[in-house]
Amino acid sequence: AGPVRLPIDEAGRERERSDALRMAERVLAAGFSRIVYVSSSQVYGDSSPEPIPETAPTPAPSAYGKLKLELEGHFAGHAIARLTNVYGPGMSPENVFSDILVQLAALGDVRVQNPVPVRDYIHRTDAVAALVALAASPGTGPFNVGTGRGISVADLVRLLAMGRRTPSVSAVEMNPRPSCVILDCAKLRDLTGWRPRISLEEGVKTLIEVPR
């Protein structure tokens, strides 16, 4: 849904996997009584039109999702936070928000990989609060961390434009395929009382408003 990225070759993926597994072993060997492993919603794939609970299948179709799922197995008995798409100040320039904002600033059309995918975006402040709440709880196993609300990439472009103009949105993919990831976070809410506080509309304002 974001910028075009160069593919990682097999050797690069294996190095990434080896590094991640070694880090997991070191963390576990340190003997911490409480660990919250940050996983990803990518373990679910992207073909569910309904909010996804933790009990849903985890096909993990991407290499990144497969690695996250493998690491979840190493942290069995601890808390696992399956985060959805996180955004906010200081985010990566490869984040879909960053890519769209750069193009909007250029006042041209906005070109995205695929305008169709629906994603659940959570502000970094809410994501951190969820991790803190989970760390302070006795919960173990997977917990979704998202908002339960989805928006397509095309509609995200229009939201980021904030009514200043109506940009034309084009796709890199010739035949955009349906794709949807929205998380059901009732399990975390019921355990800790946590819920997201920053709406997407409010969060977007923190990215584009210039202090006076």
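The values are calculated or read from the model by the stated rules, or taken from the named source; none is laboratory data. Remember, it's a predicted structure, so these values are computed and weren't measured experimentally. When we count neighbours, we look across all protein chains shown, and the Cβ atoms used for this are built from the backbone with ideal geometry, even at glycine. Just so you know, the surface numbers come from the protein's heavy atoms only, side chains and all, with ligands and any DNA or RNA stripped out. Shrake-Rupley method; radii C 1.70, N 1.55, O 1.52, S 1.80 Å.
What are the residues in region 33-49 that are small (Gly, Ala, Ser) and either on the phi < 0 side of the Ramachandran plot or buried (at least 21 other Cβ atoms within 10 Å of the Cβ) (or both), if any?
Narrowing region 33-49 to residues small (Gly, Ala, Ser): 33, 39-41, 45, 47-48.
Scanning region 33-49 gives SER33, SER39, SER40, SER41, SER47, SER48.
Filter region 168-197 for residues that are over 20 Å from ASP99 (Cβ atoms), open to solvent by 40 Å² or more (accessible area, probe 1.4 Å) and touching a Lys or Arg at 6+ places or on another chain (Cβ under 9 Å) and give the result.
Of everything in region 168-197, those that are over 20 Å from ASP99 (Cβ atoms), open to solvent by 40 Å² or more (accessible area, probe 1.4 Å) and touching a Lys or Arg at 6+ places or on another chain (Cβ under 9 Å) turn out to be ARG189, ARG195, PRO196.
Quick one: GLN103 ticks every box in (1) touching an Asp or Glu at 6+ places or on another chain (Cβ under 6 Å); (2) surrounded by fewer than 20 Cβ atoms within 10 Å (Cβ to Cβ) bar one, so which box is it?
Going through (1) touching an Asp or Glu at 6+ places or on another chain (Cβ under 6 Å); (2) surrounded by fewer than 20 Cβ atoms within 10 Å (Cβ to Cβ) one by one, GLN103 breaks only (1).
Determine whether LYS187 is in a helix (DSSP H, G or I) and farther than 26 Å from GLY90 by Cα.
On the way: in a helix (DSSP H, G or I): yes; farther than 26 Å from GLY90 by Cα: yes.
Answer is yes for this residue.
Pairs, please: C-beta under 9 Å, at least 6 apart or cross-chain, first residue closer than 8 Å to GLY203 by Cβ and in region 121-132, second among the polar types (S, T, N, Q) and in a strand (DSSP E or B)?
TYR121/ASN85
What are the pairs with Cβ atoms under 7 angstrom where one residue, in region 188-210, is within 21 Å of ALA133 (Cβ to Cβ) and the other, located anywhere, is surrounded by 10 or more Cβ atoms within 10 Å (Cβ to Cβ) and β-branched (Val, Ile, Thr)? Sequence gap at least six, or different chains.
LEU188/VAL145; PRO196/ILE122; PRO196/THR147; ILE198/THR125; LEU200/ILE151
Note down all Cβ pairs under 6 Å where the first residue falls in region 85-98 and is in contact (Cβ under 8 Å) with a residue 12 or more places away in the chain, the second is open to solvent by 60 Å² or more (accessible area, probe 1.4 Å), and they're at least six residues apart or on different chains.
VAL86/ARG124; GLY88/ARG124
Table: residues versus (1) in contact with a Lys or Arg (Cβ under 8 Å, 6 or more places away or on another chain); (2) not small (Gly, Ala, Ser).
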residue	(1), (2)
ALA29	no, no
SER33	no, no
PRO61	no, yes
HIS74	no, yes
HIS78	yes, yes
THR84	yes, yes
GLY90	yes, no
ASN95	no, yes
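Residues being of a type in the set (Gly, Ala, Ser), part of a loop (DSSP other than H, G, I, E, B) and buried (at least 19 other Cβ atoms within 10 Å of the Cβ): count how many of those fall in region 75-94.
Taking region 75-94 first, the residues of a type in the set (Gly, Ala, Ser) are 76-77, 79, 81, 88, 90, 92.
Adding the requirement that they be part of a loop (DSSP other than H, G, I, E, B) leaves 76-77, 88, 90, 92.
Remaining after also requiring buried (at least 19 other Cβ atoms within 10 Å of the Cβ): 88.
Number of matching residues: 1.
Return the residues of region 58-74 that are in a helix (DSSP H, G or I) and open to solvent by 30 Å² or more (accessible area, probe 1.4 Å); say none if nothing qualifies. It would help to see each step written out before you state the result.
Let us first name the residues in region 58-74 that are in a helix (DSSP H, G or I), namely 63-74.
Result: ALA63, TYR64, LYS66, LYS68, LEU69, GLU70, GLY73, HIS74.
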